[in-house]
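Enquirer: Mind looking over this structure? Questions follow.
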Amino acid sequence: MPNSNVPVITIDGPTASGKGTVATRVAERLGFHLLDSGALYRLTALQALRTGTDLADEQAVATVGARLPVRFVGGEILLAGEDVGHAIRAEEVGNLASKIAALPAVRQALFGLQLGFRQAPGLVADGRDMGTVIFPTATLKVFLTASVEARAQRRYKQLIDKGFSANMEGLLMDLQARDERDTNRAVAPLAPAADAYLLDTSEMGVDQAVEQVLAWYAQK
Ligand code: DC
């Protein structure tokens with residue numbers, strides 16, 4: 001496999017567990033590249049919506065994923081040249097991403113794109129199946145968890161900070177529905193790899209979680 005000697009840290013976990021923030025900070029500290037794999041499912045969902053793709057047609061949605069006109073430039077995510085970093089964070093897009101992510105053809109369509117992020121000097125990859133399916137040979141695998149209440153509060157704050165409206169009760173229900181779908185799907189379900197280190201961040205700040213991941217990595 002190309003680049004298989006490049007170190008990878010995988011950070012998987014449920015929605016709003018803080019894995020995106022932790023992954024970003026760990027990548028910064030180590031000078032590694034970052035793969036936000038959820039963004040690829042969100043981009044596919046957004047592009048499918050924008051192109052009026054029949055969401056019941058698995059192959060058609062997979063084709064959208066395979067042909068994403070996406071470029072990652074600095075911190076920006078450009079879809080057909082437009083910065084969609086904000087648009088893909090909408091709950092509507094996240095919910096649709098979770099639905100299309102259950103389709104095997106869509107996961108297959110995004111497989112190669114994800115492997116391509118494994119570039120020197122290293123990669124931090126966050127998602128649901130980074131340690132189990134995409135990078136099974138990762139140097140360090142972390143599985144982040146947090147209580148559903150803690151995660152709903154984080155997502156609420158995230159949405160409000162980004163200028164979206166949010167409602168706590170609706171968020172809790174959305175989160176539970178997404179956990180259920182992401183955990184129970186037949187292909188690449190959300191689950192810790194057998195050799196993953198578990199980190200519960202319900203009562204833990206981001207700094208502490210970042211230090212813990214770096215400490216584990218330093219032991220490898
Ligand atoms: O991490 P996120 O909330 O941005 O991800 C959006 C959706 O994409 C999530 O509900 C499930 C799906 N996803 C996935 O199935 N596999 C991944 N590796 C990452 C995300």
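Enquirer: Pairs under 8 Å by beta carbon, first residue in contact (Cβ under 8 Å) with a residue 12 or more places away in the chain in the stretch 29-40, partner more than 13 Å from the ligand (Cβ to nearest atom) and assigned to a helix (DSSP H, G or I), six or more apart or different chains?
Expert: Here the result reads 29/210; 29/214; 30/214; 30/217; 32/26; 33/27; 34/27, each pair linking the stretch 29-40 to a residue that is more than 13 Å from the ligand (Cβ to nearest atom) and assigned to a helix (DSSP H, G or I).
Enquirer: A further question on this structure: Condition test on residue 58, is it within 16 Å of the ligand (Cβ to nearest atom), farther than 25 Å from residue 141 by Cα and at pLDDT below 95?
Expert: Details: within 16 Å of the ligand (Cβ to nearest atom): yes; farther than 25 Å from residue 141 by Cα: yes; at pLDDT below 95: no.
Taking the combined requirement at face value, the residue does not satisfy it.
Enquirer: Looking at (1) within 28 Å of residue 28 (Cα to Cα); (2) buried (at least 20 other Cβ atoms within 10 Å of the Cβ), which one does residue 133 not meet, given that it meets all the others?
Expert: Going through (1) within 28 Å of residue 28 (Cα to Cα); (2) buried (at least 20 other Cβ atoms within 10 Å of the Cβ) one by one, residue 133 breaks only (2).
Enquirer: Only one of these conditions is not met by residue 17: (1) in contact with a Lys or Arg (Cβ under 8 Å, 6 or more places away or on another chain); (2) of a type in the set (Ser, Thr, Tyr); (3) not in a loop (DSSP other than H, G, I, E, B). Which number is it?
Expert: (3)
Enquirer: Quick one: in the stretch 19-39, which of the residues that are within 11 Å of the ligand (Cβ to nearest atom) and crowded, with 24+ Cβ neighbours inside 10 Å is nearest to residue 218 (Cα to Cα)? Break it down stepwise before answering.
Expert: Our first condition is that a residue be within 11 Å of the ligand (Cβ to nearest atom); within the stretch 19-39, this holds for 19-20, 23, 35-39.
Now narrow it down to the ones that are crowded, with 24+ Cβ neighbours inside 10 Å: 19, 23, 35.
On the way: 19: 19, 23: 16, 35: 21 Å.
Per the stated criteria, the residue is 23.
Enquirer: Continuing with this model, one more query. Give the number of residues within the stretch 163-196 that are within 16 Å of residue 145 (Cβ to Cβ) and buried (at least 17 other Cβ atoms within 10 Å of the Cβ).
Expert: Selection size over the stretch 163-196: 8.
Enquirer: When the residues of the stretch 165-185 are narrowed to those that are in contact (Cβ under 8 Å) with a residue 60 or more places away in the chain and part of a loop (DSSP other than H, G, I, E, B), which ends up farthest from the ligand (Cβ to nearest atom)?
Expert: Selected residue: 166.
The values are calculated or read from the model by the stated rules, or taken from the named source; none is laboratory data. Quick caveat, the model's predicted, so the values are computed rather than measured. Positions of Cβ are generated from backbone atoms using ideal geometry, with glycine treated the same way; all protein chains shown enter the neighbour counts.
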